[in-house]
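J.: First the structure, which I've put down as C-alpha cells, then a few questions once you've had a look.
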Amino acid sequence: DDERRRTAGIIQREVLSHLRPIPPSVASLDVTDTAAAERTLRRLEVATGAGLDALREVTQGLFPIVLTRRGLVPALHAHCARVGRPGVLSAVPDLHSQRFDERTEAAAYFCSVAVLRETEANVPARLALTMESGCLVLDATGTSRRSERQADERAAIVDRVEAVGGQVSYARGPEEQLAVRAVFPV
C-alpha cells in the first residue's frame, strides 16, 4: 500500500504535470489560425512525449504486462531491448514459451533487471536462462558498477529468490567482474 501511494504521488507530480494542460489547450485551439494551431500542437506533442518519458521512468520497476501475458523470456527480451541491451539475454529454446508459477517468473524477472542495473551498460554483460535438475537457473555476468544502492539491490535480489524457495550466489572477479547465479525451484 505504501509503494502504491508513493507511485501514485510520483505519477501525479512527474507525469500528470505534463499532461494536464493538454485538454484545455486542445479545446482552445483556433483552427482559423493554422500557424498558431500548429505551434500549439507541436508544443503539446512535446509535452505528451515528456509525459510518456516520465511515465516510463516511474514504471520502470513495476510489473510488466508482457510478463503476465507472454512469460519470462519474452518479458526479459522486451526489457533488454528497451534499455538498449538487446543481445545480453540467452535462453534455451524450451524456455521461450514455457510458463512458470507467477511468483517464480516475477522473482526471476526482477532479479534479472536488478543484475542488469548493477552492471555497466557500455561493457558486455550476459544473462543466461537454463533448466538444471528441475530448477530454473539464471546466470549473469558483467562488470559491476559502483553505486550507493548496490547493497540494497543485492539484498532485494536475495529476498526475491529466497521468497520462492531459491538460492542465490555472488562472486566478484578481477576488475570488478561480477557473477550472479540464482536457482529457482519450479
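The values are calculated or read from the model by the stated rules, or taken from the named source; none is laboratory data. Since the structure is predicted, the reported quantities are computational estimates derived from the model, not experimental observations. Cβ: placed from backbone, ideal geometry, glycine included. Neighbour counts: every protein chain shown. Please note that ligands, DNA and RNA were not included when accessible areas were found on the heavy atoms of the full protein model with its side chains. Shrake-Rupley method; radii C 1.70, N 1.55, O 1.52, S 1.80 Å.
J.: What number goes with the only condition from (1) in a helix (DSSP H, G or I); (2) open to solvent by less than 50 Å² (accessible area, probe 1.4 Å); (3) touching an Asp or Glu at 6+ places or on another chain (Cβ under 9 Å) that residue 156 does not pass?
T.: So the condition that residue 156 fails would be (3).
J.: Enumerate the pairs (first residue in segment 158-186 and closer than 12 Å to residue 135 by Cβ; second residue anywhere and of a type in the set (Lys, Arg) and part of a helix (DSSP H, G or I)) with beta-carbon separation below 6 Å, excluding pairs fewer than 6 apart on the same chain, so at least 6 apart or on different chains.
T.: Hits for this filter: 164/103.
J.: Go through segment 104-154 residue by residue and tally those that are on the phi > 0 side of the Ramachandran plot and among the hydroxyl-bearing types (Ser, Thr, Tyr).
T.: 1
J.: Against the condition under 16 Å from residue 154 (Cα atoms) and not hydroxyl-bearing (Ser, Thr, Tyr), how does residue 111 come out, does it pass? Please lay out each step first, then the result.
T.: Working: under 16 Å from residue 154 (Cα atoms): yes; not hydroxyl-bearing (Ser, Thr, Tyr): yes.
Yes.
J.: Determine, yes or no, whether residue 174 is of a type outside the set (S, T, N, Q), more than 19 Å from residue 103 (Cα to Cα) and out of contact with any helix residue (DSSP H, G or I) (no Cβ under 7 Å at 6 or more places or on another chain).
T.: Details: of a type outside the set (S, T, N, Q): yes; more than 19 Å from residue 103 (Cα to Cα): yes; out of contact with any helix residue (DSSP H, G or I) (no Cβ under 7 Å at 6 or more places or on another chain): yes.
Spelling it out, residue 174 is indeed of a type outside the set (S, T, N, Q), more than 19 Å from residue 103 (Cα to Cα) and out of contact with any helix residue (DSSP H, G or I) (no Cβ under 7 Å at 6 or more places or on another chain).
J.: When residues of segment 43-97 are filtered for being modelled with pLDDT under 90, open to solvent by less than 40 Å² (accessible area, probe 1.4 Å), out of contact with any Leu (no Cβ under 7 Å at 6 or more places or on another chain) and not hydrophobic (A, V, I, L, M, F, W, C), how many remain?
T.: 3
J.: With the structure loaded, tell me whether residue 39 is more than 23 Å from residue 9 (Cβ to Cβ) and modelled with pLDDT under 90 or whether it fails that test. Step through it out loud before you land on a result.
T.: Numbers: more than 23 Å from residue 9 (Cβ to Cβ): yes; modelled with pLDDT under 90: no.
Considered against the rule, which asks whether it is more than 23 Å from residue 9 (Cβ to Cβ) and modelled with pLDDT under 90, residue 39 comes out as no.
J.: Also, quick follow-up: What number goes with the only condition from (1) outside any loop (DSSP other than H, G, I, E, B); (2) modelled with pLDDT of 90 or more; (3) touching a Leu at 6+ places or on another chain (Cβ under 9 Å) that residue 100 does not pass?
T.: Residue 100 satisfies every listed condition except (1).
J.: How many residues are open to solvent by less than 90 Å² (accessible area, probe 1.4 Å), over 25 Å from residue 58 (Cα atoms) and among the aliphatic types (A, V, I, L, M) if we restrict to segment 1-40?
T.: 6
J.: Residue 124: out of contact with any Asp or Glu (no Cβ under 8 Å at 6 or more places or on another chain) and open to solvent by 70 Å² or more (accessible area, probe 1.4 Å), yes or no? I'd like the intermediate steps shown before the answer.
T.: Details: out of contact with any Asp or Glu (no Cβ under 8 Å at 6 or more places or on another chain): yes; open to solvent by 70 Å² or more (accessible area, probe 1.4 Å): yes.
Yes: the conditions hold for residue 124.
J.: Applying the selection to segment 156-174, what residues are within 17 Å of residue 116 (Cβ to Cβ) and either within 20 Å of the chain's Cα centre (by Cα) or at pLDDT 90 or above (or both)?
T.: 156, 157, 158, 160, 161, 168
J.: Now a separate question. If you check residue 18 against the conditions, is it assigned to a helix (DSSP H, G or I) and closer than 20 Å to residue 102 by Cα?
T.: Details: assigned to a helix (DSSP H, G or I): yes; closer than 20 Å to residue 102 by Cα: no.
Judged against the criteria, residue 18 is not a match.
J.: Hey, residue 87 hits all of (1) within 22 Å of residue 56 (Cβ to Cβ); (2) assigned to a helix (DSSP H, G or I); (3) free of Cβ contacts under 8 Å to residues at least 12 places away in the same chain but one; which does it fall short on?
T.: Tallying (1) within 22 Å of residue 56 (Cβ to Cβ); (2) assigned to a helix (DSSP H, G or I); (3) free of Cβ contacts under 8 Å to residues at least 12 places away in the same chain, residue 87 fails exactly one: (2).
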